[in-house]
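> For reference, the structure I am asking about is given below.
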Amino acid sequence: QVQVVESGGGLVQPGGSLRLSCAVSGNTFSLFHLGWYRQAPGMQRELAAFIYSNRITAYGDSVKGRFTISRDNDKNMMYLEMNNLKSDDTAVYYCNAQLGEKNFWGQGTQVTVSS
């Protein structure tokens, strides 16, 4: 079965930057739509960034202009570059891979923005 593993979370100061990575197993990676979702304690899960199989991207309003999503189909990797981080960005970030009606989720990685 498809396995999804996130990495790169940690503690960063406001205004700083962080890069998250997501590894997705399988030989059909290029066909997957991929996304980063985040959830803070007591809050609903929200979409941060999305990249379709054709490489078109979309971003949540709260991260537009600060986050960049990308993918490397040769390495089965997807990334989220986060810049100018704010305290409101503190959350568990989850990687999602979608193919048709199937969805595969990672275990999540904690991002904490604090001074």
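Rule-based calculations on the coordinates, nothing more; no lab input. Note that the structure is predicted; figures quoted are calculated from it, not measured.
> Check the straight Cα-Cα distances from Lys102 and name the lysines below 25 Å, setting aside those fewer than 8 residues away within the same chain.
Lys75
> Another question, then. Once Rh for the chain is found with the Kirkwood sum over Cα pairs, what is the Stokes-Einstein diffusion coefficient at 25 °C and 0.890 mPa s, in µm²/s? Could you put the intermediate results ahead of the total?
Numbers: Rh = 14.1 Å.
Answer, rounded: 174 µm²/s.
> Can you give me the relative contact order of the chain as a percent, contacts being Cα pairs under 8 Å and 6 or more apart? Walk me through the numbers before you get to the answer.
Values: 277 pairs, mean separation 42.1, N = 115.
Rounded, it is 37 percent for the chain.
> Which lysines, if any, have their Cα less than 29 Å from the Cα of Lys86, not counting same-chain residues under 8 positions apart?
Counting by Cα, and skipping residues close in sequence, Lys86 has these lysines nearby: Lys64.
> If you don't mind, there's one more thing I want to ask. Just to be sure I understand: of the beta bridges DSSP finds with both ends in the chain, what percent are antiparallel, rounded to 5? Let's see the in-between values first.
Numbers: 38 of 41 bridges.
That works out to approximately 95 percent antiparallel.
> Can you check what the Kirkwood hydrodynamic radius comes to for the range 48-106, Cα pairs only, in Å to one decimal?
Numbers: mean 1/r = 0.0789 Å⁻¹.
Final number for the Kirkwood radius of the range 48-106 is 12.7 Å.
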